[in-house]
Amino acid sequence: MCGIAAYLGEGAARVVYELLVELQHRGHEAAGIAYLSGRSFILEGGFGLVYEAIKSHRLPSSTRLAVGHVRYSTSGPYGSLYQPLIVNVDGVELAVAFNGNIVNYKSAAREVLGRLEVDWDAWVLAAILAHYYRDEGNLADAARRTAEVLRGSYALVAATTRGELLAARDPHGIRPLAFSIGNGYAAVASETAALEALGLEWRELGRAQLLYCQGTHCSIEPLAPRADPQPCIFEYVYFSRPDSIFEGAEVYKTRVEMGRLLARIDDTHVDVVAPVPDSGRAAATGYALEKGVPLVEVLYPNRFRGRSFILPPSLRGSHVARKYGVLRSAVRGRRIALVDDSIVRGSTASRITSLLKGSGALEVHFRSASPPVVCPCVLGIDFPRPTELVARNKSVEEIRDIIGADTLLYNTIENLTRAVGRPACTACFTCVYPSLVRKYVSEFRR
Ligand code: SF4
């Protein structure tokens, strides 16, 4: 999972920087901006958060075209790569950034580029786009040819030193992408909340659509034949900002509804409902409202430590241990329903349960707003290995035992899809992958 942004207009590099700050929750590993300077792109980027990776004072106010990226790696090695990628095609440079996973990148690299050894899907996407740019001479047609051969989830932005800007979403619309077009500018961002934060009116780019701008003229055009809609349900569960709109639904509202529906199938008596901050808060709110039980904060999250789920695996364990402090007076002697958005690896759930019990909680009833995660995601969320999933091949009772809670309840897939209220990819809960990627699932392994 990553965040992408682009801007065509005055002060482009600085606008993209601001958009990336608004998308920071989508990736903490690295960040980069490529901006047009004369007849080439200059890349400012590095590792860490946006303000660490990009020296904002070095971004010029004069440039009129830029693309940017925040990285949460789901393909390629951890901690050694960042985007945008810059590719040269006969003297024209392309700057490319994308969010998602290309599941057939190895076979596509072999068939289109004649390359046998590739280990990063972003590189393959940029190289194939450049390959077709050489034939077509414009980004829109190059993107259409690229879409014919690549399978997976992708929301992408690209720009050229000829002044073109492109944004595109895959035929299933798995990852979000929104844009804003106004007087003398075009802006693109992974999430609507980023554009809104900058005071821009936005629209979501449809699945299988592209936005193409050259000079001051922009148009929305077909990218590829549309497939059935499969927006990632995990964007609603965890990943997107609660104030974003994805496929017409406010993320916060869907999370509250997940909590409400979960409470309806739960007859456990508790004194308080507590969220696992921050991503469990909206579901906990819905759960508490439905139960008529007070919502109480019991954990203090150190926000400077970021989101543990999107860290590289080697850092996750120690991070969870340090991230939460316990508000003891809220915990002692109470029966607590502890609500989180999901349970993926189980490490956060067991650590927090043990913290609350060690701080005097009478009972801890762990509640997951989504069903057990039983299949890997190959479409842009970093759990590609089945062995990482705590729920894989285990009963709820066995998982409860690992977590150490008094009881454990998961939401049902019916409740989750009802809360979201539109067709969506649910493959990590059901193992049924979107039709265009199904046959490549085993090809994509990190
Ligand atoms: S498998 Fe799960 S996380 Fe991956 S795209 Fe589908 S719903 Fe999202």
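Taking Cα atoms, how many degrees apart are the long axis of helix 12-22 and the longest axis of the chain, rounded to 10 and kept between 0 and 90? The two axes meet at around 10 degrees.
Our note on the geometry: Cα centres of region 93-150 and region 388-446, 31 Å apart.
Partner lysines whose Cα lies under 21 Å from the Cα of residue 439, excluding those fewer than 8 positions away in the same chain, are identified as 106. For region 109-248, the spread of Cα coordinates along the three principal axes comes to 44, 36, 25 Å, biggest extent given first. Rounded to the nearest 10 degrees, what's the angle between the helix 313-323 long axis and the longest principal axis of the chain, both from Cα atoms, 0 to 90? Once rounded, the angle reads 50 degrees. Summarising the amide proton neighbourhood of residue 152: residues at separation of 5 or more, or on other chains, whose placed amide H is nearer than 5 Å comprise 103. Karplus-derived 3J(HN,Hα) values for region 141-149, using 6.51 cos²θ - 1.76 cosθ + 1.60 with θ = phi - 60°, are 5, 4, 5, 5, 5, 4, 5, 5, 9 Hz; glycine and proline are entered as x. Placing unit charges on each Cβ (+1 for Lys and Arg, -1 for Asp and Glu) gives region 2-227 a dipole about its Cα centre, and among 69, 31, 147 the Cα reaching farthest toward its positive end belongs to 147. When the charge dipole of the chain is built from unit charges on Cβ atoms (+1 for Lys and Arg, -1 for Asp and Glu) and taken about the Cα centre, the candidate among 161, 378, 211 whose Cα reaches farthest toward its positive end is 378. Between residue 414 and residue 265, residue separation times 0.36 nm minus the direct Cα-Cα distance comes to 52.5 nm. Taking a ≥ b ≥ c as the square roots of the eigenvalues of the Cα gyration tensor, the chain is classed as prolate, since a/c reaches at least 1.5 and a/b is larger than b/c. Sorted fewest first by neighbouring Cβ atoms within 10 angstrom, 240, 359, 62, 73 come out as 62, 359, 73, 240.
Using only alpha-carbon positions in region 249-421, the gyration tensor eigenvalues give semi-axes of 22, 20, 16 Å once each is multiplied by 5 and square-rooted (largest first).
Between 0 and 90 degrees, the angle of helix 281-291 with respect to the longest Cα principal axis of the chain falls at about 40 degrees.
Rounded to the nearest 20 debye, the dipole magnitude of region 335-446 is 320 debye, with +1 charges on Lys and Arg beta carbons, -1 on Asp and Glu beta carbons, and the Cα centre as origin. Estimated from the Cβ-Cβ distance and a Förster radius of 25 angstrom, the FRET efficiency linking residue 90 and residue 443 is about 0.20. What do you get for Rg/Rh of region 1-74 when both radii come from the Cα atoms and Rh is the Kirkwood radius? Using only Cα positions, Rg/Rh for region 1-74 is 0.95. For region 44-50, the Karplus equation 6.51 cos²θ - 1.76 cosθ + 1.60, evaluated at θ = phi - 60°, returns couplings of 10, x, x, 10, x, 6, 3 Hz by residue, with Gly and Pro reported as x. Grab the other residues whose beta carbon is less than 14 angstrom from that of residue 220, score K and R as +1, D and E as -1, and report the net. Spelling it out: positives minus negatives among the neighbours equals +3.
Translational diffusion coefficient of region 103-173 (Stokes-Einstein, Kirkwood radius from Cα pairs, 4 °C, 1.567 mPa s): 105 µm²/s.
For the chain, the Cys residues with no second cysteine's beta carbon closer than 4.7 Å are 2, 232, 377, 425, 428. Taken along the Cα-to-beta-carbon direction at a fixed 7 Å, the label points for residue 302 and residue 216 span 5.2 nm.
If you sort the three axes of the alpha carbon gyration tensor as a ≥ b ≥ c, you get a/c of 1.5 or more for region 141-181 and a/b no higher than b/c, which makes it oblate.
Ellipticity at 222 nm from helices only: DSSP H runs of n ≥ 4 in the chain, each -39500 (n - 2.57), divided by the residue count, give -8000 deg cm²/dmol. Rounded to the nearest 20 debye, the dipole magnitude of region 23-65 is 220 debye, with +1 charges on Lys and Arg beta carbons, -1 on Asp and Glu beta carbons, and the Cα centre as origin.
For region 2-227, the Stokes-Einstein estimate of translational diffusion at 25 °C and a viscosity of 0.890 mPa s comes to 146 µm²/s, using the Kirkwood hydrodynamic radius over alpha-carbon pairs. Dipole magnitude for the chain: computed about the Cα centre from +1 point charges on Lys and Arg Cβ and -1 point charges on Asp and Glu Cβ, it is near 900 debye.
Along region 197-210 the Karplus relation, 6.51 cos²θ - 1.76 cosθ + 1.60 evaluated at θ = phi - 60°, assigns HN-Hα couplings of 4, 8, x, 9, 6, 10, 9, 7, 6, x, 5, 6, 10, 10 Hz to successive residues, with x for each Gly and Pro.
No value in this document is a laboratory result; all are computed from the given coordinates. Here the structure is a predicted model, which is why all the values come from computation and not from measurement. Backbone-built Cβ (ideal geometry, glycine too); neighbour counts: all protein chains shown.
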